[in-house]
Amino acid sequence: ALSLRSQIDSTNAEALRLMAGRSRQPLVVLAEAQSNGRGRRGRHWVSPYGENLYFTLGCSVAGGFAQLAGLSLVVGIATLRALESEGLANGGLKWPNDIYSHGKKIAGILVEIAGDPADLCQVAIGIGVNVNMTESASSIDQEWTSLRLQLGRFVDRSALAIQLAQQLQRYLQRFLDRGFHAFKDEWEQAHLWQGEECLLSTPLTSIEGVVLGVDGQGGIRLRVDGREQVFCGGELSLRRI
Ligand code: ATP
């Protein structure tokens with residue numbers, strides 16, 4: 001099912017509402033603008049009207065939350081491939097799931113899960129891509145870019161939405177069959193900060209280490225004081241030093 005909206009609070013919120021108790025069929029929600037676009041940990045995703053893509057794929061999955069470890073990283077690769085198909089040549093990933101181009105954020109991902117943690121759950125895969133935005137978003141408090149700024153031309157949002165849906169379908173099918181492990185190498189190849197000295201912020205402290213890669217569940221592997229340590233969870237944030 002496809003739900004096209006002019007203005008909505010958040011495409012993820014709408015997908016979760018549509019799936020609650022009802023549809024088990026996969027659905028896509030697209031909006032021209034979001035009044036309450038969400039990032040991780042309650043942060044705001046700036047979502048001006050008519051310029052960008054605000055896209056959520058919703059689907060029901062049997063088997064509980066545990067098998068979804070690493071999903072948002074796989075969505076990162078699928079999104080990067082869709083942007084590349086439009087001509088982006090310099091994109092890369094930042095753990096866990098931001099997409100950067102020339103050191104600036106071009107797309108963000110928010111995966112939200114509801115339902116029974118051990119059985120049938122509803123998954124909302126939200127993707128915000130800066131497509132034709134040039135200057136209207138002065139309220140963004142970190143460096144950002146858009147496909148238009150990178151490619152030097154206007155980009156057709158419908159074509160990009162179709163690419164995104166196709167890449168997601170391809171990557172999700174394989175992820176549900178084989179888990180994150182099958183994507184580890186591909187993800188590391190796209191990671192911008194492999195081998196770099198980084199700072200990992202947790203709710204309690206910050207840890208300095210060298211990025212070694214990811215583990216089979218999508219956790220980040222750091223070398224800290226000569227020893228490898230793995231960190232995972234939604235409360236973590238990585239920065240380059
Ligand atoms: P991390 O994911 O590593 O914790 P983050 O600060 O990028 O870092 P997210 O929750 O992924 O956090 O994204 C939300 C942040 O993205 C906002 O706080 C803002 O800084 C930035 N942001 C908001 N809207 C946009 C946009 N349209 N394009 C680029 N960046 C944006």
Give all pairs with beta carbons closer than 7 Å in which a residue from segment 43-58 that is near the ligand (Cβ under 7 Å from one of its atoms) meets a residue that is basic (K, R); count only pairs at least 6 apart in sequence or on separate chains. W45/R38
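Report whether or not I77 is within 21 Å of G233 (Cβ to Cβ) and away from the ligand (no atom under 13 Å from the Cβ). Steps first, please.
Details: within 21 Å of G233 (Cβ to Cβ): yes; away from the ligand (no atom under 13 Å from the Cβ): yes.
Judged against the criteria, I77 is a match.
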Scanning segment 81-102 for residues that are touching a Leu at 6+ places or on another chain (Cβ under 7 Å) and closer than 20 Å to D215 by Cβ, which turns out farthest from the ligand (Cβ to nearest atom)? G92
Can you run down the residue pairs with Cβ atoms below 7 Å, 6 or more apart or on separate chains, where the first is in segment 211-228 and more than 18 Å from V74 (Cα to Cα) and the partner is of a type in the set (G, A, S) and not in a loop (DSSP other than H, G, I, E, B)? L222/G209; R223/G209; V224/G209
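Listed here are the residues, each with its yes/no results for (1) in contact with a helix residue (DSSP H, G or I) (Cβ under 7 Å, 6 or more places away or on another chain); (2) more than 23 Å from A69 (Cα to Cα).
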residue	(1), (2)
E197	no, yes
T202	no, no
E208	no, yes
V211	no, no
G218	yes, no
R223	no, no
R227	no, yes
V230	no, no
L236	no, no
Any idea which of (1) away from the ligand (no atom under 13 Å from the Cβ); (2) in contact (Cβ under 8 Å) with a residue 12 or more places away in the chain; (3) surrounded by fewer than 15 Cβ atoms within 10 Å (Cβ to Cβ); (4) not β-branched (V, I, T) is the one L27 doesn't satisfy? (3)
Among residues of segment 14-66, those that are assigned to a helix (DSSP H, G or I) and more than 19 Å from N97 (Cβ to Cβ), counted: 4
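Pick from segment 188-203 the residues that are closer than 17 Å to R40 by Cα and surrounded by fewer than 18 Cβ atoms within 10 Å (Cβ to Cβ): which of them is nearest to the ligand (Cβ to nearest atom)? Even if it seems obvious, please write down each step before you answer.
Residues of segment 188-203 that are closer than 17 Å to R40 by Cα, as a first pass: 200-203.
Checking the rest, the ones that are also surrounded by fewer than 18 Cβ atoms within 10 Å (Cβ to Cβ) come to 201-203.
Details: S201: 8, T202: 11, P203: 12 Å.
Result: S201.
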Counting only residues that are assigned to a helix (DSSP H, G or I) and of a type outside the set (A, V, I, L, M, F, W, C), how many does segment 1-13 have? 2
If you go through segment 220-238 one residue at a time, do you hit one that is under 23 Å from R40 (Cα atoms), part of a helix (DSSP H, G or I) and within 16 Å of the ligand (Cβ to nearest atom)? no
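Bear in mind that the values in this text are calculations on the coordinates, not laboratory data. As the structure is a computational prediction, the values presented were derived from the model and not from experiment. FYI the Cβ positions are ideal-geometry reconstructions off the backbone, even for glycines, and counts take in every protein chain you see.
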